[in-house]
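Report on the structure given below.
The values are calculated or read from the model by the stated rules, or taken from the named source; none is laboratory data. No experiment lies behind these values; they were computed from the predicted model shown. Here Cβ is always computed from backbone atoms with ideal geometry, including for glycine, and neighbour counts include all displayed protein chains.
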Amino acid sequence: MLEVIWLTFSIVAAFGTCVLIGWKIAKSDPDLQKVIDAIVSHYLDERRFHINKIAEITGLSSNKVERILKKLETRGIVRGKGKMYQLVDPLVFLTPIDLERARRITKDDNILYGAYQNPYLPRLYFLTMYLIFAAVIVFVVLVFFNVFPGLTSWVQNILPEGVSVNAFLLFMIGMGIIFVDALDNIIKAWAREKYSVVVGEKSGISYDRSLADELSGKIRRGMIEDVDLQFSLLQKILNYFIRVPVGDVIVKVKGQREPVVFKNMPYPRELFYVIRSIQLGSLGWRKRHARTLMMWRARAMVPAA
Amino acid sequence: MREEEFPIPKRLEDAYRFKPSTQILIYIVLLVIGALVLSMIKLGWSLTVYIVIFIVYAALLFPVVIKIENQWKTAFSLGLYGAAMAAIIYWTITFLESFDLRSVSLYVLFLLIMTVELFHHLGEDIAYEESKKVYIAVATLSALFFIFIYMFLSAYDWRITVFGSILATILFAYAILPEKPI
């Protein structure tokens, strides 16, 4: 009984302490809010601005503004060169290198959306890597409960003298998690950042056709016949639980029988709207919602209470 | 659909998720199911083990089901992290059956991995940030990992000790590096 009391006490104490820490971490920083407001009010649509100008608007010191802008830069909200900064379009999720490449290839067009087709999560066969962890768990259970005495004595034999089998089993569980996490990172890095899809105001849609491609796929604005949004049942279910929602965006091109399908695009509804806007030749929608979009992108740093 | 009709919610994710009340309801239902399943398992374990399993289950489930973004959610999420870590540490200490240096190093490695991986899971907003502080933390944790894995593997041939420790540490460091959400 004493054990249960001690355990409960430790859990409650740790929970309370961490709630307080979390509350403090998530508290919005008023200075950060001021800087974001200043950028949103004065420098939407990728206009460049100087640190001193933001300091003047917000009444904060230049050093403070610079620190906040650096923080915003690591989150991909602004990008800077020296003392000059520029707002990144909120729907651009490309790495800085890929964004530069996209700008170069689209001849410095205004990039309205940029992201990678994500061939990873909604494909069940990629999830088979979690079987590695499942195999580790099965191994641990078999040894722990001594289901096959031969297996348990084999583990005892390979361990140095005096080392606890249970300690080794815990270590195996830990290494199983690490191995699967590292593998997950490798697959994501390999598969995800290869298939860029970029929508430019004038250049239309540019996309990678293969792993080594340099945005050779092109759909000019005037060539877009229709655009459609599609969610498979798996995508629909996954979107309730995964961090970034995904869906397929289908673009019908004039004179082409087969449509171009962008699979598992992040924020597919927004991509659909962006493509529709450039097809209609009107960016009214983007302009009208620019502030909301920017605030949404920045909100990751300023959570609402 | 006319261009004027494109609706944009304040949080773009909201269009793809369950309503916050539904998310909370699903979380509670899954917690009840978890408790029910645990109550049916008869393995002769002590009550403390069941409490530890339930707390870890609640912590693992929370960020998967709850997608609300506000100060309360972050605070509660970190609270669950603290609770789960306290439970795991408590259980690991009571589980100690050997004070041999190599066994202790294995327990420490397990706790180190759980500390980081659970934080990755529950403190995702902080874990995703690519800042100098995070990289220093990754380097420090990796150095600690190297020391303890070296201690354990030092019982084997020097090649296994050196190369095994280096490879395992690289794997550990790569796994705990901040990940980009998109």
Matching residues in segment B:117-154 (at pLDDT 90 or above and not in a helix (DSSP H, G or I)) number 1
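Please determine whether any residue of segment B:54-69 is of a type in the set (Lys, Arg), in contact (Cβ under 8 Å) with a residue 40 or more places away in the chain, assigned to a loop (DSSP other than H, G, I, E, B) and not assigned by TED's automatic domain parsing to the domain that holds B:LEU122.
Checked segment B:54-69: at least one residue is of a type in the set (Lys, Arg), in contact (Cβ under 8 Å) with a residue 40 or more places away in the chain, assigned to a loop (DSSP other than H, G, I, E, B) and not assigned by TED's automatic domain parsing to the domain that holds B:LEU122.
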Does segment B:113-130 include one or more residues that are under 26 Å from A:ASN157 (Cβ atoms) and in contact with a helix residue (DSSP H, G or I) (Cβ under 6 Å, 6 or more places away or on another chain)? yes
Checklist (1) surrounded by fewer than 18 Cβ atoms within 10 Å (Cβ to Cβ); (2) under 27 Å from A:ASP108 (Cβ atoms) applied to A:VAL78, failing item: (1)
Can you tell me which residue within segment A:1-52, out of those that are crowded, with 19+ Cβ neighbours inside 10 Å and without any contact (Cβ under 8 Å) to a residue 12 or more places away in the chain, is farthest from A:TRP296 (Cα to Cα)? A:LEU7
Just to verify a result, which residue in segment B:82-114, among those that are buried (at least 17 other Cβ atoms within 10 Å of the Cβ) and among the hydroxyl-bearing types (Ser, Thr, Tyr), is farthest from A:GLY176 (Cα to Cα)? B:TYR90
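Among the residues of segment A:256-297, write down those that are in a loop (DSSP other than H, G, I, E, B) and either touching a residue at least 40 places away in the same chain (Cβ under 8 Å) or basic (Lys, Arg) (or both).
Taking segment A:256-297 as the starting set, the residues that turn out to be in a loop (DSSP other than H, G, I, E, B) are A:256-259, A:267, A:281-283.
Within segment A:256-297, A:ARG257, A:TYR267, A:GLY281, A:LEU283 meet the criteria.
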Within segment B:15-29, is there a residue that is part of a helix (DSSP H, G or I) and either on the phi > 0 side of the Ramachandran plot or within 7 Å of another protein chain (Cβ to nearest Cβ) (or both)? yes
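For every residue, the table says whether it meets (1) in contact with a Pro (Cβ under 9 Å, 6 or more places away or on another chain); (2) more than 27 Å from B:ILE51 (Cα to Cα); (3) in contact (Cβ under 8 Å) with a residue 12 or more places away in the chain.
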{"site": "B:ALA75", "(1), (2), (3)": "no, no, no"}
{"site": "B:MET85", "(1), (2), (3)": "no, no, yes"}
{"site": "B:TRP91", "(1), (2), (3)": "no, no, yes"}
{"site": "B:GLU97", "(1), (2), (3)": "no, no, no"}
{"site": "B:ASP100", "(1), (2), (3)": "yes, yes, no"}
{"site": "B:ILE113", "(1), (2), (3)": "no, no, yes"}
{"site": "B:VAL116", "(1), (2), (3)": "no, no, yes"}
{"site": "B:ILE136", "(1), (2), (3)": "no, yes, no"}
{"site": "B:LEU141", "(1), (2), (3)": "no, yes, yes"}
Which residue is nearest to B:PHE18 (Cα to Cα), if the candidates are limited to segment A:221-262 and must be touching a Gly at 6+ places or on another chain (Cβ under 9 Å) and of a type in the set (Lys, Arg)? A:LYS236
Kindly indicate which of A:ILE173, A:ILE250, A:ILE177 is facing chain B (nearest Cβ under 9 Å), touching an Asp or Glu at 6+ places or on another chain (Cβ under 6 Å), modelled with pLDDT of 90 or more and within 30 Å of B:LYS67 (Cβ to Cβ). A:ILE177
Limited to segment A:13-49, what total is found for residues that are touching a strand residue (DSSP E or B) at 6+ places or on another chain (Cβ under 9 Å) and away from chain B (no Cβ under 14 Å)? 10
Residue list for segment B:92-103, filter: at the interface with chain A (Cβ under 8 Å from one of its Cβ atoms) and not in a loop (DSSP other than H, G, I, E, B): B:THR92, B:THR94, B:PHE95, B:ARG102, B:SER103
Residue check, B:THR169 against (1) touching a helix residue (DSSP H, G or I) at 6+ places or on another chain (Cβ under 6 Å); (2) in a loop (DSSP other than H, G, I, E, B); (3) not hydrophobic (A, V, I, L, M, F, W, C), all met but one. Which one? (2)
Taking the criterion of being among the acidic types (Asp, Glu), more than 12 Å from chain B (Cβ to nearest Cβ) and more than 30 Å from B:ILE89 (Cα to Cα), would at least one residue in segment A:68-81 satisfy it? no
Scanning segment A:241-255 for residues that are in a loop (DSSP other than H, G, I, E, B) and more than 16 Å from the chain's Cα centre (by Cα), the one surrounded by the most Cβ atoms within 10 Å (Cβ to Cβ) turns out to be A:LYS254
